[in-house]
Amino acid sequence: MKFLKDIFINLVAQSLLLMIQQLLLFPHYEAFLGTKDFGIFLTIFGIVNTISIGLGTSFTNLYQRNYNLALANNSYDSEYKKYFYKLIRYFIVCLIPIFLLFSTIYDDILVIILSIILTLIITLRIFLIVKYRVQKRFNIILIFNIILSFSYSLLVFFDNLDIKRVLLYKLLALTWVVLT
């Protein structure tokens with residue numbers, strides 16, 4: 001029964017964030033950005049998510065694979081930090097290709113920088129919750145995603161949007177939640 005409860009909590013946690021973005025934010029963004037800029041935003045956001053999910057999940061899987069060994073050796077915290085810093089190093093190595101990729105889509109340096117920072121913060125968000133996942137504390141992940149969803153839902157109150165502002169507001173909302 002606990003297994004089914006954990007699955008349900010995990011599905012709700014992940015679905016909530018997607019629903020807020022798909023049903024609330026994206027229609028709002030499209031209304032302000034227009035079709036062309038909204039398409040560019042979706043392309044940027046797709047790349048941000050692809051890189052973030054790829055890197056974040058890879059390091060999450062590596063950490064999860066070695067979690068029991070780290071737990072047995074009483075080195076849980078040091079292993080977690082080791083993978084965290086390794087993830088940062090890999091991201092830094094990938095900066096030039098990521099920069100070049102974003103610069104082929106949009107030529108505004110501020111949009112490119114915001115996209116790169118957003119990629120890093122989402123990557124870190126994906127990795128940082130792994131400690132709750134390996135401990136099977138899915139309630140904490142649900143609470144985290146509820147707070148993040150609430151924070152994202154507040155973005156509908158911002159008008160006069162362009163791609164820079166959408167990325168900046170999304171970055172600020174995400175950073176606020178990750179830091180708290």
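Among residues of the range 89-142 being of a type in the set (A, V, I, L, M, F, W, C) and free of Cβ contacts under 8 Å to residues at least 12 places away in the same chain, the one that is least open to solvent (accessible area, probe 1.4 Å) is 140. Please determine, by comparing only the residues of the range 20-46 that are open to solvent by 30 Å² or more (accessible area, probe 1.4 Å) and among the β-branched types (Val, Ile, Thr), which one is nearest to the chain's Cα centre (by Cα). Among residues in the range 20-46 that are open to solvent by 30 Å² or more (accessible area, probe 1.4 Å) and among the β-branched types (Val, Ile, Thr), the one nearest to the chain's Cα centre (by Cα) is 20. Pairs are defined by a Cβ separation below 9 Å, a sequence spacing of at least 6 or placement on different chains, a first member in the range 20-41 that is more than 17 Å from residue 164 (Cβ to Cβ) and in contact (Cβ under 8 Å) with a residue 40 or more places away in the chain, and a second member that is part of a helix (DSSP H, G or I) and open to solvent by 30 Å² or more (accessible area, probe 1.4 Å); the pairs so defined are 20/150; 24/156.
Given the criteria exposed (fewer than 14 other Cβ atoms within 10 Å of the Cβ), in contact (Cβ under 8 Å) with a residue 12 or more places away in the chain and of a type in the set (S, T, N, Q), does residue 57 qualify? No.
The values are calculated or read from the model by the stated rules, or taken from the named source; none is laboratory data. From a predicted model like this one, the values you see are computed outputs, not experimental measurements. Reconstructed Cβ throughout: ideal geometry from the backbone, glycine too, with neighbour counts over all protein chains shown. What goes into the accessible areas is simple: the full protein's heavy atoms, side chains included, and nothing from ligands, DNA or RNA. Shrake-Rupley method; radii C 1.70, N 1.55, O 1.52, S 1.80 Å.
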